[in-house]
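The values are calculated or read from the model by the stated rules, or taken from the named source; none is laboratory data. Predicted, not measured: the structure shown is a model, and the values here were computed from it. For neighbour counting, all protein chains shown are included, and Cβ atoms are generated from backbone atoms with ideal geometry for every residue, glycine included.
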Amino acid sequence: MNGFLKVQTVTSRAELPVSGATVTVSTLRPGQGRVLLSLQRTDESGMTELVTIPTPELSNSLTPDQPQGWTDVQIGASHPNFDGVLIRNVQIFPGVTTLQELILVPRGGLPTDLGETEDVTIPSQGL
């Protein structure tokens with residue numbers, strides 16, 4: 001079974017699109033470590049192409065006594081003019097398209113400013 005992910009990069013609360021951002025999507029796989037699922041640049045709307053992500057069977061999401069019913073992914077975004085962002089534990093469910101918005105903060109200071117990466121971990125949801 002598969003789930004799907006689309007990422008949009010925006011700046012500030014005005015949600016202005018950030019084009020040309022590099023977006024990575026990865027997951028942890030037993031025995032393989034972190035596996036890169038997608039590497040893309042955002043378009044003029046700040047959007048990536050749809051990413052297809054393998055997920056557990058839908059039946060795992062229906063009752064609490066089943067194994068985890070989703071795939072956890074990590075999404076990172078970077079752009080030369082903005083601080084980076086890293087979102088951990090984004091849950092991708094079978095048969096569902098998830099839209100993840102990433103808010104990038106403009107870099108201040110001199111062009112040599114390396115900026116910082118905001119690191120966000122989403123807690124697991126109990127079913």
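Couple of notes before you dig in:
- Within region 46-63, the residues that satisfy the criterion of being in a helix (DSSP H, G or I) and without any contact (Cβ under 8 Å) to a residue 60 or more places away in the chain are LEU58, SER59, ASN60.
- All positions within region 29-61 that are out of contact with any strand residue (DSSP E or B) (no Cβ under 7 Å at 6 or more places or on another chain) and of a type in the set (A, V, I, L, M, F, W, C): LEU58
- The condition of being at pLDDT below 95, of a type in the set (Ser, Thr, Tyr) and under 27 Å from MET1 (Cα atoms) holds for only one of THR42, THR121, THR48, that being THR121.
- For region 23-32, filtering for residues that are under 15 Å from the mean Cα position of the chain (by Cα) and either at pLDDT below 95 or not in a strand (DSSP E or B) (or both) leaves 1.
- Lone unmet requirement of (1) more than 24 Å from GLN125 (Cα to Cα); (2) in contact (Cβ under 8 Å) with a residue 60 or more places away in the chain; (3) not charged (D, E, K, R) for THR42: (2)
- Tallying residues that are acidic (Asp, Glu) and closer than 13 Å to SER124 by Cβ within region 61-93 yields 1.
- For region 61-84, the candidate set comprises residues that are acidic (Asp, Glu) and farther than 15 Å from GLY3 by Cβ; within that set, the residue that is modelled with the highest pLDDT is ASP83.
- Residue match in region 90-105 (condition: among the acidic types (Asp, Glu), farther than 15 Å from THR22 by Cβ and either at pLDDT 90 or above or under 19 Å from the mean Cα position of the chain (by Cα) (or both)): yes
- Restricting attention to region 70-91, the residues being surrounded by fewer than 20 Cβ atoms within 10 Å (Cβ to Cβ) and outside any strand (DSSP E or B) number 2.
- Of all residues in region 1-15, those satisfying the criterion of being surrounded by fewer than 17 Cβ atoms within 10 Å (Cβ to Cβ) and modelled with pLDDT of 95 or more are ASN2, LYS6.
- Verdict on VAL35 being of a type in the set (A, V, I, L, M), out of contact with any Pro (no Cβ under 9 Å at 6 or more places or on another chain), modelled with pLDDT of 95 or more and crowded, with 17+ Cβ neighbours inside 10 Å: no
- Pairing residues of region 10-31 that are under 18 Å from VAL51 (Cβ atoms) and free of Cβ contacts under 8 Å to residues at least 24 places away in the same chain with residues that are surrounded by fewer than 17 Cβ atoms within 10 Å (Cβ to Cβ) and not acidic (Asp, Glu), at Cβ distances under 8 Å and at least 6 apart in sequence or on separate chains, gives ARG29/VAL35.
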